[in-house]
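*Asks:* First the structure, then my questions, so here it is.
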Ligand code: PBG
């Protein structure tokens with residue numbers, strides 16, 4: 001081929017930098033948005049506290065008292081965050097996690113308080129898992145041989161789901177990774193008239209070292225690991241399979257967790273299901289960026305916003321993040 005024009009479009013006709021020449025042009029060309037409505041704030045509430053208690057492994061995050069929890073939820077709502085996900089830290093634990101379905105248990109009391117305070121402005125959500133409430137720290141009840149008993153655990157999840165729905169939770173986060181948990185809870189809720197309570201299936205939840213700092217946040221009693229129920233970090237196909245199963249069981253939303261180390265799974269799940277997909281930016285993702293920012297090794301605000309944008313770009317419709325309120329304020333400020 002001779003002459004100035006090639007049959008294959010290319011330089012100098014094609015100049016991708018045209019789309020980057022000014023802020024307004026870049027704004028027109030931007031593919032992915034991060035808005036306050038895409039953010040959900042996970043919160044910890046601990047029984048018996050009169051003041052919030054700092055969590056050493058997650059600088060800037062606290063275990064809340066009931067009062068500080070209410071105030072923080074109002075602040076999140078005012079910042080435009082659209083959901084709060086509650087985790088309870090009980091004073092007493094036992095083998096079956098009795099505190100989880102006790103109407104006077106910390107998580108259910110806190111849920112009722114938040115539903116009354118902010119229930120019209122944000123979606124009040126509750127973690128539905130036994131690990132905070134069991135004295136052995138596993139996400140389910142144990143069989144005689146010490147293994148986690150799937151079907152016996154489903155009965156506990158059903159009791160927990162009904163207690164949370166009665167307390168006013170609008171969305172239950174099924175994070176325990178038991179087989180059949182979505183269907184079991186959906187049927188039980190519907191039989192009691194809770195058709196409108198939403199279910200978030202933690203579909204692709206990996207047995208991840210990035211949960212490390214969370215263990216201190218909930219005073220976890222776990223020894224050993226969760227590899228008989230959470231996914232092997234090497235498995236992408238299996239994550240998609242779990243998401244399809246949760247969708248078929250009636251999950252309204254499915255989750256990929258952690259977020260940043262599993263963006264490939266997130267993209268594949270987004271393409272495979274037709275329900276909203278959320279991702280959980282977990283405690284280890286939080287702690288890494290905070291530590292580097294504290295040392296001045298990266299720009300804290302830009303790095304946090306980029307991490308959240310990346311999770312959105314990979315396919316998350318919403319993101320659970322400990323930075324939700326702060327990030328929502330940055331976004332609103334522009
Ligand atoms: C267990 C649970 C965990 C997290 C949320 N729910 C820990 C685990 O599975 O070991 C981790 C969240 C985080 O690290 O931020 N129900």
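The values are calculated or read from the model by the stated rules, or taken from the named source; none is laboratory data. In this text, all values refer to a predicted model and were calculated from it rather than measured experimentally. Note that each Cβ is placed from the backbone with ideal geometry, even for glycine, and that neighbours are counted across all protein chains shown.
*Asks:* Got a sec? Which strands (runs of 3 or more DSSP E) wholly within segment 61-130 have at least 3 residues that are within 29 Å of residue 333 (Cβ to Cβ) and within 16 Å of the ligand (Cβ to nearest atom)?
*Replies:* Of the strands (runs of 3 or more DSSP E) lying wholly inside segment 61-130, those with at least 3 residues that are within 29 Å of residue 333 (Cβ to Cβ) and within 16 Å of the ligand (Cβ to nearest atom) span 62-64, 83-89.
*Asks:* Any chance segment 137-144 includes a residue that's without any contact (Cβ under 8 Å) to a residue 12 or more places away in the chain and more than 13 Å from the ligand (Cβ to nearest atom)?
*Replies:* Yes, segment 137-144 has at least one match.
*Asks:* Let me ask something else. Read through the list (1) crowded, with 24+ Cβ neighbours inside 10 Å; (2) in contact (Cβ under 8 Å) with a residue 60 or more places away in the chain; (3) over 13 Å from residue 163 (Cβ atoms); (4) under 20 Å from the mean Cα position of the chain (by Cα), then give the number of the only condition that residue 107 fails.
*Replies:* (3)
*Asks:* Separate question: Within segment 151-167, track down each residue that is closer than 20 Å to residue 99 by Cβ and without any contact (Cβ under 8 Å) to a residue 60 or more places away in the chain.
*Replies:* Of everything in segment 151-167, those that are closer than 20 Å to residue 99 by Cβ and without any contact (Cβ under 8 Å) to a residue 60 or more places away in the chain turn out to be 152, 153, 154, 155, 157, 158, 159, 161, 164, 165.
*Asks:* Only one of these is surrounded by fewer than 21 Cβ atoms within 10 Å (Cβ to Cβ) and either at positive phi or away from the ligand (no atom under 12 Å from the Cβ) (or both): 152, 161. Name it.
*Replies:* Residue meeting the stated conditions: 152.
*Asks:* For segment 111-129, enumerate the residues that are surrounded by 24 or more Cβ atoms within 10 Å (Cβ to Cβ) and in contact with a helix residue (DSSP H, G or I) (Cβ under 6 Å, 6 or more places away or on another chain).
*Replies:* Listed by number, the residues that qualify are 111, 114, 124, 126, 128.
*Asks:* Give me the pairs: first residue in segment 272-287 and closer than 19 Å to residue 254 by Cβ, second residue in a helix (DSSP H, G or I) and near the ligand (Cβ under 7 Å from one of its atoms), beta-carbon distance under 9 Å, and six or more apart or on different chains, which are they?
*Replies:* Final answer for the pair search is 282/210; 282/211; 282/213; 282/214.
*Asks:* Please work out which one of (1) at pLDDT 95 or above; (2) more than 15 Å from the ligand (Cβ to nearest atom); (3) over 15 Å from residue 61 (Cα atoms) is the condition residue 308 fails and give its number.
*Replies:* (2)
*Asks:* Follow-up. Restricted to segment 56-67, and to residues that are within 15 Å of residue 286 (Cβ to Cβ) and out of contact with any strand residue (DSSP E or B) (no Cβ under 6 Å at 6 or more places or on another chain), which residue is surrounded by the most Cβ atoms within 10 Å (Cβ to Cβ)?
*Replies:* Out of the qualifying residues, it is 61.
*Asks:* Among (1) closer than 21 Å to residue 132 by Cβ; (2) out of contact with any helix residue (DSSP H, G or I) (no Cβ under 7 Å at 6 or more places or on another chain); (3) more than 15 Å from the ligand (Cβ to nearest atom), there is one condition residue 193 misses while meeting the rest; what is its number?
*Replies:* (1)
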